[in-house]
Amino acid sequence: MVASFRPVSVDEEAACFARAVVRAARPESPVRAKALLFATSRLAGFSVSVGLELDPEKVLDPSVIERFILCGTAGLTVATRRTLRANLRFVARRVRDLAPGPVPLARGRAKPAYSQAEIASYLATAKTQPTASRRMRLAGLICLGAGAGLIGGDLRAVRGRDVISRSGGLVVSVAGRRPRVVPVLSRYHELLIESAAFAGEGYVIGGEDPFRQNVTTPLLSATAGGLHQARLETSRLRSSWLRDAASQIGLATFMAAAGISCSQRLGDIVAGLDGASEQEAVVLLGATS
């Protein structure tokens, strides 16, 4: 396969270079050899065009490969360019002494969602707190997290007045870096309304300084009872809301029908769509339990 490689797209010098380096790379199959020959011959043709000597140590240098990908692959798709780079780096590792590449890091995973029974247990604990302030703040924390998906600064900044009954449901007006209106899942309406009324102009989960940090830690540390429970995590409350909201809009069904297992490109698609009105969002995300 390698010895018979005679491409018409590059001259014989570039083809000879490709045969030599691919032979040295010892591809495990004819199909793999063909892909490596294509990549290395294109790289060699580019190198000749910029006046570079066809020396494997020079041509297969990572900087030359990157220059080729950036400047010598016009008209090719992004996927093809990625494949070319991967194949060229494979040959380079086999043929010359490349420094080891970066160690792959595990992808961060979403925290597991709470079950409805677990959330009910935390809400029951909130009702047993010794003071009205603790009861309302802890309940508000759970409702804003599991009922509206709020976390971090968005969660800390919610005042009682930001929880509003309108558009046929209950919404939270979120300020800050990502201002938005979030419909609240209906099963949390009654308790969140009570917690917001208690807070009034103050913050639902307590505190007075708008720039306060980590306000949830003292609130959770002061929680009485619930000795059999793990410490409540706001990231898991958000995961619970994400799961419930995704279930209501049929996201799992859509992804299965589309054959999608990762949502990496969905953001690009959604960016071109018009968002629903607030009333439509309430019906879609907050009206059912």
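Data overview
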quantity: ³J(HN,Hα) computed for each position of the stretch 115-131 - Karplus, 6.51 cos²θ - 1.76 cosθ + 1.60, integer Hz, glycine/proline x; calculated: 6, 4, 5, 5, 5, 4, 5, 5, 5, 5, 5, 4, 5, 9, 5, x, 10
quantity: Phi to ³J(HN,Hα) by Karplus 6.51 cos²θ - 1.76 cosθ + 1.60 over the stretch 245-260, Hz, x for Gly, Pro; calculated: 5, 4, 5, 5, 8, x, 5, 4, 5, 4, 5, 5, 5, 7, x, 9
quantity: Convex hull (Cα only) mean projected area of the stretch 150-222, reported in nm² to one decimal; calculated: 5.0
quantity: Pairwise centroid distance, computed over Cα atoms, of the stretch 228-260 with the stretch 110-149, Å; calculated: 17
quantity: Residue-wise HN-Hα coupling along the stretch 43-60, computed from phi with Karplus coefficients 6.51, -1.76, 1.60 (Hz; x: Gly, Pro); calculated: 5, 5, x, 5, 4, 4, 5, 9, x, 8, 5, 7, 9, x, 5, 8, 5, 8
quantity: Whole-number percent relative contact order across the chain, with pairs defined as alpha carbons under 8 Å at least 6 apart; calculated: 17
quantity: Ellipsoid semi-axes in whole angstrom, largest first, where each is sqrt(5λ) of the Cα gyration tensor of the chain; calculated: 59, 21, 17
quantity: Scattering profile of the stretch 12-95 at q = 0.24, 0.25 Å⁻¹ [log10 I(q)/I(0), Debye over alpha-carbon scatterers]; calculated: -1.21, -1.31
quantity: Under 5 Å, built H, 5+ apart or other chain: amide partners of VAL204; calculated: VAL158, ARG159, GLY160
quantity: Percentage relative contact order, the stretch 116-285, counting C-alpha pairs under 8 Å, at least six apart; calculated: 28
quantity: Exposed trypsin sites (Lys or Arg not before Pro) absent: longest stretch of the chain, with sites in DSSP loops and at most 15 other Cβ within 10 Å deemed exposed; calculated: 1-106
quantity: Crossing angle, helix 189-199 versus the chain [Cα axis fit, 0-90 degrees, rounded to tens]; calculated: 70
quantity: Quarter of the Cα convex hull surface for the stretch 104-154, i.e. its orientation-mean projected area (nm²); calculated: 4.9
quantity: Sites excluded, GluC sites (Glu not before Pro) in DSSP loops with at most 12 other C-beta within 10 Å, longest stretch of the chain; calculated: 54-200
quantity: Cα Rg over Rh - the stretch 116-285, Kirkwood; calculated: 0.99
quantity: Cα-centre dipole for the stretch 1-77 with unit charges at Cβ (Lys and Arg positive, Asp and Glu negative), debye to 20; calculated: 360
quantity: GNM result for the chain, Cα springs below 10 Å: residue of PRO179, PRO130, PRO56 fluctuating most strongly; calculated: PRO56
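Taken together, the values in this text are just the output of simple stated rules run on the coordinates, not laboratory data. Computed from a predicted structure; not experimentally measured. Glycine also receives a Cβ, built like all others from the backbone with ideal geometry; neighbour counts cover every protein chain displayed.
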